[in-house]
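Structure record follows, encoded as structure tokens.
Computed from the coordinates by the stated procedures, all read-outs in this text should not be read as laboratory data. Predicted model only: the values in this text are computed from it and were never measured. Methodologically, a virtual Cβ is constructed for each residue, glycine included, from the backbone with ideal geometry; neighbour enumeration extends over all protein chains shown.
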Amino acid sequence: MPHHTPGMSRRAVTRAAVTGLAALLGAGAAARARAATQVGPRTFDVSVSSPALGRTAPVRLILPSDFDARPTRTYPVLYLLHGAHDDYTSWTRETDIEAFTEGRDLIVAMPDAGPTGIPTAWRSGPDYETFQIQEVPALLARDYRASGVRVVAGVSTGGYGAMAHAARHPGVFAAAASYSGILDTTAPGVPTLVDAIVARENLLPLSLWGNPVLNALTWRDFNPRARATGLRGTPLYVSNGSGIPGDLGDWLPGALESTLWPSAHLFTDFLALLGIPVTTHYYTGGGHSWTYWKREFTASWPMLAGALGVAE
């Protein structure tokens with residue numbers, strides 16, 4: 001890490017840090033930071049050259065308020081994953097996450113998951129799982145003083161990612177939360193929904209995990225429900241609406257929410273069968289929208305904060 005010169009701006013410190021990181025990583029590194037652009041008082045967009053993706057991809061970071069003042073301190077990381085047909089800026093665009101984390105000793109990381117928001121190893125395409133699980137954490141540890149403590153939360157396909165990452169990589173995350181996530185990818189109607197998400201971005205559905213029947217083992221391998229034993233010992237939060245318009249309305253997104261309702265129940269029922277604790281919030285009504293996800297993030301925050309070791 002470059003020396004912190006008194007009086008340097010956060011932008012200058014971060015630019016120097018990126019330059020220093022490139023030198024530290026050297027040839028053959030897993031990923032390299034190409035640039036960091038300041039977009040808010042504590043918020044930066046970092047461009048990462050990712051071998052797993054075969055391209056440069058963005059990660060939005062919110063740094064702690066005292067990041068410059070405490071150059072030797074390390075910080076836990078809250079990973080926030082975006083949903084389908086959205087991007088890595090969604091959490092700062094749709095929520096008050098910047099203000100919410102002001103004064104809290106943590107880093108917020110919002111990595112790219114592509115246009116579908118499905119952060120997995122695609123059968124014919126990029127490996128967003130490796131990008132989010134290995135490359136981004138390594139970069140944050142080397143460049144932004146991230147500690148080994150991290151939690152993950154996501155909306156919609158990002159909720160899938162949160163539970164899939166935690167289940168497929170036990171111990172990597174100290175807690176995981178899903179808000180209207182796709183938690184059983186083989187539940188009735190869900191493969192069709194997943195294929196529709198992929199097709200909407202002009203991508204071939206078979207490029208994700210292949211055919212749900214002919215490539216059933218691959219679908220199972222990436223299914224949070226099928227990999228649920230990997231979640232033992234990890235604090236979990238799962239929320240989903242029934243999709244019947246309730247107190248907050250949302251008629252159109254309600255249909256999508258209702259499709260995910262059985263999938264979420266199959267997932268948490270299986271956790272109960274395995275004796276794996278999970279905090280659930282199943283509510284009547286609700287659309288597949290930020291109106292509800294903001295509320296659910298706030299409800300899950302005590303669990304996430306506890307796992308991060310920061311004040312609620």
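Couple of notes before you dig in:
- Each label was represented as a point 7 Å from its Cα along the Cα-to-Cβ direction; for Ala138 and His281 these points are 3.7 nm apart.
- Stokes-Einstein diffusion coefficient of segment 78-141, Kirkwood radius over Cα pairs, 20 °C, 1.002 mPa s, in µm²/s: 169
- Placing dummy labels 7 Å off each Cα toward the beta-carbon, the span from Leu206 to Arg232 is 3.8 nm.
- Helix axis angle, 10-25 relative to the chain longest principal axis, alpha carbon, degrees: 80
- Cα-based helix-to-principal-axis angle, 190-200 vs the chain, degrees rounded to 10: 50
- When the chain is treated as a GNM with alpha-carbon contacts under 10 Å, the residue of Ala264, Ala35, Ala216 showing the greatest mean-square fluctuation is Ala216.
- Pairwise Cα separations in segment 96-227 fall into 5 Å bins from 0 onward with the following percentages, short to long: 2, 10, 19, 24, 19, 12, 7, 5, 2, 0, 0.
- Per-selection Kirkwood Rh - the chain (Cα, Å, 1 d.p.): 19.7
- Close amide H partners of Thr56, meaning residues 5 or more places away or on another chain with modelled amide H under 5 Å apart, are Ser50.
- A cut-off of 5 Å between modelled amide H atoms, ignoring neighbours fewer than 5 places along the same chain, links Gly181 with Ser156, Ser239.
- Between Arg73 and Arg295, the contour length at 0.36 nm per residue exceeds the alpha carbon distance by 76.8 nm.
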